[in-house]
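The values are calculated or read from the model by the stated rules, or taken from the named source; none is laboratory data. All values reported here derive from a predicted model rather than from experimental measurement. Heads up, the Cβs are rebuilt from the backbone with ideal geometry, glycines too, and the neighbour counts pull from every protein chain shown.
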Amino acid sequence: MQEGAVLEMRGICKYFPGVRALQDVDFTLREGEIHALMGENGAGKSTLIKVLTGVYPKDGGEVHIRGVEGAAVIRSPQDAQNAGISTVYQEITLCPNLTVAENMYIGRTKGAVTNWRRMNSGAGKILESLGIPASPRQQLGSCSIAVQQMVAIARAVDMECKVLILDEPTSSLDEQEVVKLFGLMRDLKAKGVGIIFVTHFLEQVYEVCDRITVLRDGQLVGEYVIEDLPRVQLVSKMLGKELDDMADIKGETGGVAISQEGAPVLEAQDLCSSAGIKPFDFSIRRGEVNGFTGLLGSGRSECVRAIFGADRVTGGHVKMDGQNVKIKKPLDAMKQGIGYLPEDRKGDGIVGDLSVRENIILAYQVMKGFFRPVSRAQAEAFADEYIKLLEIKTASSDTPIKSLSGGNQQKCILARWLLTDPTYLILDEPTRGIDIGTKIEIQKLVLKLASEGKSVTFISSEIDEMLRTCSRLIVMRDRKAVGELKGDDLTQTKIMATIAGGDEK
Amino acid sequence: MSAPVKNPETQVRRPDEPLFKRLTRQQLFIPVAALALLVLFNLIADPSFFAVSINQNSLGNPVLSGNMVSVLDNASELVILSIGMTLVTASSGGQDISVGATMAIAGSVILRMVCGGQVTADTMQTPLILAVLAGVLATMLCGAFNGTLVAYFKIQPMVATLIMYTAGRSIAAWINNNQLPIINDLGFKYAGTFLPGVPVPTPIFITVLVILAFWLILKFTTLGLYTQSVGINANSSRLNGLDPKLIKLLTYVILGVCVALAGFIRVSRSGSINYSRMAENIEMDAILAVALGGNALSGGKFNIYGSILGAYVIQFLTTTLYKYDVPSTALPAYKAVVVILLVVLSAPVVREKLASMKKAPAKAAKEVS
């Protein structure tokens with residue numbers, strides 16, 4: 001092993017039916033470093049992590065861990081844990097119905113007797129030392145997602161790990177929580193823990209990481225010290241080509257600001273729903289792209305859910321093309337030509353065990369009706385068309401959607417709604433947790449749809465994405481629409497000021 | 001849209017795998033293998049098991065008889081039930097344990113109708129079709145009751161249907177004022193025995209018709225897609241315009257129809273009813289048929305043909321055991337042994353192990369692709 005390394009992976013290979021997920025990948029983690037693992041969706045990041053943690057058996061290569069003689073044998077997550085490798089996954093894998101302390105100690109108590117007092121006080125100390133605002137006796141499910149994530153980290157830390165893997169830990173955190181998490185990561189780094197950080201957020205990589213390893217299509221692109229790899233370079237390494245697409249998009253935006261006039265496609269007045277948003281007004285014109293912005297929990301999603309009828313609408317009027325319509329349930333909205341890509345892709349979007357094909361035709365089929373099934377041949381044709389159009393990476397249209405990477409799943413959901421040929425498409429966080437290449441593709445697609453005369457509401461946590469695509473932004477704060485920005489007001493500072501409220505100086 | 005890097009190699013189709021692995025991946029592998037084993041066992045032990053002969057029945061009509069005929073005949077109720085049970089399982093991720101009891105209700109209603117409220121009747125007092133429709137209506141109501149509890153009150157299916165399981169047989173007895181009606185009209189027994197001049201037992205025809213009907217339903221409606229979608233992810237389904245509650249309810253009502261048909265066949269066999277013993281424990285066999293067919297009892301994707309096959313396997317097994325003079329009291333124990341074997345073999349863990357035993361050549365094939 002190299003000097004200072006805590007973990008070395010050499011020539012790792014992993015095959016899945018029809019796909020070479022990893023091919024001869026090397027990875028080295030040194031003591032006290034934060035090492036970013038970057039790559040597009042499907043590049044092999046998650047597979048590498050899962051091989052390392054024993055979730056998948058590897059088909060080739062060796063893993064060396066400091067303190068273990070020879071090649072380490074990791075056959076299960078338990079083995080990995082014993083070898084000092086702890087993982088915090090993107091989705092919380094703790095038990096929400098147990099207390100915080102129980103979650104931290106579960107599976108680690110020896111013998112049949114549990115000393116509850118010692119467990120709780122032990123957990124309390126760790127939580128305190130890491131500055132995590134949770135009580136050991138509190139039910140985990142009652143904490144915010146961010147705190148749950150931190151508890152997961154606290155659990156990992158307490159197990160005296162040498163290697164800590166954070167798989168997209170920040171995708172459900174707001175900015176302050178991210179800052180806190182980074183503080184935690186730096187503390188651990190100072191204690192000599194090697195951290196593998198998987199994320200899609202470039203800013204975050206440059207904020208905390210020391211080194212970057214880039215994967216592409218299951219192969220190692222290279223390992224770089226962060227100072228030697230400017231952002232543009234990183235992006236082009238991930239995509240495998242020189243990239244000026246970012247600039248392209250900005251250029252196209254100019255062409256979108258056109259449709260400021262004309263009759264609105266959809267108009268809502270005093271709309272409110274059972275999700276507890278204050279009544280709000282909303283309208284969108286033909287060919288317009290607008291958006292809702294605000295902090296997490298500010299009511300962005302609840303607004304669009306009310307428009308789509310996803311939550312129970314408790315008041316207000318909606319007009320489509322000037323006609324009064326009643327939207328009580330999603331099907332009503334779909335019949336009016338509204339499509340909705342939900343924020344929670346896994347929980348509300350995909351139907352995991354169904355094939356890509358069935359997922360793509362689902363909404364179209366429902367609109368067509370119970371007694372008029374889409375024929376197999378027709379479904380194949382639709383699926384193939386959109387797989388090609390959106391460049392969905394899948395072995396075939398028969399593959400279960402759950403085995404696709406996040407970005408490709410999202411493209412399937414997009415395909416689902418495009419197939420219904422909506423006049424108004426709502427995209428709630430379509431770019432969350434997916435790679436930068438797909439993000440740009442989706443943004444471009446939005447602009448293309450708008451140029452074809454469709455209206456789009458686009459929601460994203462990343463303000464610069466919104467600035468690139470939207471011509472009008474509705475700002476939400478505390479479940480209330482507090483402002484509307486357009487034209488020259490669409491700047492980062494102005495938006496921040498409106499979100500924050502108070503003086504706009 | 002511009003094309004970012006795409007690796008065409010990642011889009012390859014599944015490479016040729018060894019036959020064994022491909023087979024074990026098939027959902028129908030276990031029921032087909034079980035059937036093959038049973039056939040093989042009987043062929044070796046006593047090939048006369050498969051003999052089919054034409055005998056005179058008590059009415060002097062020539063009818064087919066033999067073990068295979070009895071398997072196909074006696075499996076009828078179970079096959080019909082297992083179809084409905086598959087749909088319920090897929091949509092709600094749970095099972096209806098009241099089907100035996102509601103079969104008794106259907107039987108009771110049908111008998112009361114044809115006997116016209118008398119204890120014994122020599123001719124049918126009500127047209128048979130009306131009586132059967134009344135039975136169907138009764139069990140559809142039971143299904144609606146179960147389905148409402150499951151879908152709208154979000155009660156776990158096993159708990160929700162426990163109510164009917166407990167009360168059903170009493171309700172069945174109450175429908176006939178606790179009397180045991182007997183119908184002696186031959187016309188009534190056609191459905192459970194033989195049609196005049198036809199040597200094949202009628203239940204086999206009814207079963208084939210029911211299977212055909214479901215094949216058509218699944219082909220010409222979107223019931224299959226909707227049920228699976230709701231069972232896999234109710235939230236997504238709702239946001240795609242489906243009404244998950246309604247679809248769950250619908251599957252329970254459909255099961256109700258199946259139950260009535262099964263109950264009708266059962267009472268037609270004898271023309272009488274025993275409230276506490278009729279179709280006893282058939283719910284367990286129906287659930288087992290679903291599981292044997294490779295369907296996840298937690299819902300989602302389903303294959304009704306797997307369940308149908310599973311039902312025939314169960315009946316085949318029972319008949320085989322009877323043939324070897326296993327006393328009926330010991331039957332469940334023998335059945336349990338076989339069932340454990342089948343269920344363990346069909347468990348994903350075991351299947352993966354089986355598949356990985358032949359892994360080396362599989363990998364080589366991938367390298368080439």
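The number of residues in the range A:136-171 that are in contact with a Cys (Cβ under 9 Å, 6 or more places away or on another chain) and either farther than 22 Å from residue A:36 by Cα or surrounded by fewer than 20 Cβ atoms within 10 Å (Cβ to Cβ) (or both) comes to 2.
Within the range A:79-86, is there a residue that is more than 22 Å from the chain's Cα centre (by Cα), in a helix (DSSP H, G or I), assigned by TED's automatic domain parsing to the domain that holds residue A:221 and touching a residue at least 60 places away in the same chain (Cβ under 8 Å)? Yes, that holds for at least one residue.
Annotation: of all residues in the range A:447-468 being among the polar types (S, T, N, Q) and buried (at least 24 other Cβ atoms within 10 Å of the Cβ), the one that is nearest to residue A:493 (Cα to Cα) is A:460. Among residues of the range A:360-386 that are facing another protein chain (nearest Cβ under 7 Å), those with a Cβ under 7 angstrom from a residue that is of a type in the set (Gly, Ala, Ser), sequence gap 6+ or separate chain, pair up as A:362/B:229; A:363/B:241; A:366/B:241; A:367/B:241.
Among B:191, B:104, which is the only one that is of a type in the set (A, V, I, L, M, F, W, C) and part of a helix (DSSP H, G or I)? Give the steps one after another, and end with the answer.
Numbers: B:191 fails: part of a helix (DSSP H, G or I).
Within the list B:191, B:104, the selection yields B:104.
Kindly indicate whether any position in the range A:438-446 is among the hydroxyl-bearing types (Ser, Thr, Tyr), buried (at least 17 other Cβ atoms within 10 Å of the Cβ) and assigned by TED's automatic domain parsing to the domain that holds residue A:298. Yes, some residue in the range A:438-446 is among the hydroxyl-bearing types (Ser, Thr, Tyr), buried (at least 17 other Cβ atoms within 10 Å of the Cβ) and assigned by TED's automatic domain parsing to the domain that holds residue A:298. Yes or no: residue A:392 β-branched (Val, Ile, Thr), part of a helix (DSSP H, G or I), farther than 18 Å from residue A:469 by Cα and not assigned by TED's automatic domain parsing to the domain that holds residue A:287? Criteria not met by residue A:392. The residues in the range A:363-407 that are under 20 Å from residue A:449 (Cα atoms) and touching a helix residue (DSSP H, G or I) at 6+ places or on another chain (Cβ under 8 Å) can be counted, and the count is 11. Filtering A:329, A:319, A:346 for residues that are more than 8 Å from chain B (Cβ to nearest Cβ) and either closer than 28 Å to residue A:410 by Cβ or without any contact (Cβ under 8 Å) to a residue 40 or more places away in the chain (or both) leaves a single hit, A:346. For the range B:312-352, a tally of residues being part of a helix (DSSP H, G or I), of a type in the set (A, V, I, L, M) and surrounded by 15 or more Cβ atoms within 10 Å (Cβ to Cβ) returns 8. Considering the range A:409-437, the residues that are within 13 Å of chain B (Cβ to nearest Cβ) and modelled with pLDDT under 90 include one that is nearest to the chain's Cα centre (by Cα), namely A:434.
Yes or no: the range A:371-387 includes at least one residue that is touching an Asp or Glu at 6+ places or on another chain (Cβ under 7 Å) and surrounded by 23 or more Cβ atoms within 10 Å (Cβ to Cβ). Walk me through how you get there before you give the answer.
To start, the set of residues in the range A:371-387 that are touching an Asp or Glu at 6+ places or on another chain (Cβ under 7 Å) comprises none.
No; the residues of the range A:371-387 include none that is touching an Asp or Glu at 6+ places or on another chain (Cβ under 7 Å) and surrounded by 23 or more Cβ atoms within 10 Å (Cβ to Cβ).
Inclusion of residue A:495 among residues that are of a type in the set (A, V, I, L, M, F, W, C) and over 19 Å from residue A:338 (Cβ atoms) is warranted.
Among residues that are among the small types (Gly, Ala, Ser), more than 11 Å from chain B (Cβ to nearest Cβ), crowded, with 22+ Cβ neighbours inside 10 Å and under 23 Å from residue A:460 (Cβ atoms), residue A:406 is included. Restricting attention to the range B:255-307, the residues that are part of a helix (DSSP H, G or I) and either without any contact (Cβ under 8 Å) to a residue 24 or more places away in the chain or among the aliphatic types (A, V, I, L, M) (or both) total 18. Taking strands (runs of 3 or more DSSP E) as the structural unit, no element lying wholly within the range A:8-70 holds at least 3 residues that are not assigned by TED's automatic domain parsing to the domain that holds residue A:210. Only one of the numbered conditions (1) surrounded by fewer than 19 Cβ atoms within 10 Å (Cβ to Cβ); (2) among the small types (Gly, Ala, Ser); (3) under 29 Å from the mean Cα position of the chain (by Cα) is not met by residue A:349, and that is (1). Restricting attention to the range B:203-231, the residues that are in contact (Cβ under 8 Å) with a residue 60 or more places away in the chain and away from chain A (no Cβ under 14 Å) total 7.
Of the residues A:461, A:397, the single one that is within 13 Å of chain B (Cβ to nearest Cβ) and not in a helix (DSSP H, G or I) is A:397.
Taken over the range A:286-315, the criterion of being touching a Pro at 6+ places or on another chain (Cβ under 7 Å) and at pLDDT below 90 is satisfied by A:315 alone.
Quick check on residue B:145: is it among the aromatic types (Phe, Trp, Tyr) and at pLDDT below 95? Don't jump to the end; show me each part of the working.
Values: among the aromatic types (Phe, Trp, Tyr): yes; at pLDDT below 95: no.
No; evaluated as a whole, the condition is false for this residue.
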